[in-house]
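The values are calculated or read from the model by the stated rules, or taken from the named source; none is laboratory data. Every value quoted in this text rests on a predicted model; they were computed, and no experiment measured them. Neighbour counts run over all protein chains shown; Cβ positions are idealised from the backbone, glycine included.
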Amino acid sequence: MDSGDSVKITVPVVTIEQNETYLRNILDSMLDVVIQTDLQGKICYVNSSAYTMFGWEPERIVGKSVFDCINPEDYEYAKINFFNAIRSKKSFRIELRLILNCCRESFWVEIVGTLVKGRHNGETTGVLCIARDIGDRKRAENSEKGLKQSAENEKLRTEFFTNLSHELKTPINVIYSALQVMQLYIENNKSLEKINDYTGVIRQNCHRLIRLVNNLVDVSKIESGYFQVNNKYCNIVSVVEDIVQSVVSFVEYYNMEIVFDTDIEEKYTCCDLDIIERILLNLISNSVKFGKTREVIKVSVKDKDTHILISVKDNGNGIPVNKQKNIFNRFVRGTKSVEGSGIGLSLVKSLVELENGTITLESKEGKGCEFIISFPVVYGKDMETDTKSCNDRELIKKLDIEFSDIYT
């Protein structure tokens, strides 16, 4: 060949259609699922992996909305990310559950979405999504979470039974010691005054045991659905005020003050007087137990038309921030500096919920607590009006029990 001869190279002409076929062959060979949609989320194309992974037949899935293929729990999350990406003209990466065509079960995937541009004007015409199976990873994460949760539950149970053992042993040991000393006084003909001192100690610790057993029994009854609610029509403002008045002398004994405040004199609703009493006595006794000398405990009632708010507020030690989230959970104590079983506030929450109410906490460590209970106003004109009131002896016994684990 002469150096002057030219070499002709023939370049095959590839049409746009051939390019698209070549590209589709590449997409169909991918293990990941490829979905192309328009700007409204209507599916324009899916590769063959869509059938392998989800059982989606291309001829049946094309033309449908991609959101119809998403687990209902992830529907809003997917729409927000999809349309935000179009508005911001940015790609996105999300994890959600797609639905298997054959059995409607969910399948965890990670989706990376990028915008599709038009050939000529560069305008966004749709979204290309690549979905990758992350089921194994999610199962591993859930297994790890489950193990952590089990370990946390086991830790709480161990702490609870340790506290419970201590709570049971302490009053029993005190009672037993007091009885031994009383026996010595009796044998040596000591004065009745000395013996009476020890009978008071025995009485308080018997009440403490009764309170603990009552709480455990009531928790079990609520969990098993055997707790009886006896709702009657009553003036809730008067009920709360009477409860506050009944504990004034008890609170003053611990060098504290309790006040009642209301923005309405009368509000009738259906409720169980014993449940309301139990809730408030528990919260008030907590304020006394964890409070400070000269503290003021404020109990208030506010009318919110369809709801009644009852608040118990103190300016005591407060609850640490890291304890507040779980303070109503079983076995959790606000502080370890004061003894307790860790079921009081959990029981209060359960009792509130039996009356279809809610309870929340507002607290700053060192600046006190406020427990706010919201009860729905339930009208019951045909129901019996609650006129129940206990005599002084019954009231004193109730207060002795509720305040039994407070020592000075």
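Tabulated data
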| quantity | calculated |
| --- | --- |
| The one condition in (1) β-branched (Val, Ile, Thr); (2) at pLDDT below 90; (3) within 26 Å of Asp261 (Cα to Cα) that Val338 fails to fulfil | (3) |
| Top-ranked residue in the range 290-309 [being closer than 17 Å to Ser363 by Cβ and crowded, with 20+ Cβ neighbours inside 10 Å; ranked as modelled with the highest pLDDT] | Val299 |
| Residues located in the range 102-121, provided they are modelled with pLDDT under 85 and buried (at least 16 other Cβ atoms within 10 Å of the Cβ) | Ser106, Phe107 |
| Scan of the range 62-78 for residues that are surrounded by 11 or more Cβ atoms within 10 Å (Cβ to Cβ), not in a helix (DSSP H, G or I) and not aliphatic (A, V, I, L, M), ordered by number | Lys64, Ser65, Asn71 |
| Cβ-Cβ under 8 Å pairs, at least 6 apart or on other chains, the range 249-277 side under 22 Å from Asn231 (Cα atoms), far side aromatic (Phe, Trp, Tyr) | Tyr268/Tyr233; Tyr268/Tyr379; Thr269/Tyr233; Thr269/Phe375; Thr269/Tyr379; Cys270/Tyr233; Cys270/Tyr379; Cys271/Phe375 |
| Condition check for Lys323: modelled with pLDDT under 95, assigned to a helix (DSSP H, G or I) and farther than 21 Å from Arg278 by Cβ | yes |
| Residues of the range 364-375 classified as surrounded by 15 or more Cβ atoms within 10 Å (Cβ to Cβ) and either out of contact with any helix residue (DSSP H, G or I) (no Cβ under 6 Å at 6 or more places or on another chain) or of a type in the set (Lys, Arg) (or both), total | 7 |
| Test: residue in the range 144-152 that is of a type in the set (Ser, Thr, Tyr), surrounded by 10 or more Cβ atoms within 10 Å (Cβ to Cβ) and not assigned by TED's automatic domain parsing to the domain that holds Thr37 | yes |
| Members of the range 201-229 that are touching a residue at least 24 places away in the same chain (Cβ under 8 Å) and either polar (S, T, N, Q) or on the phi > 0 side of the Ramachandran plot (or both) | Gln204, Asn205, Asn214, Asn215 |
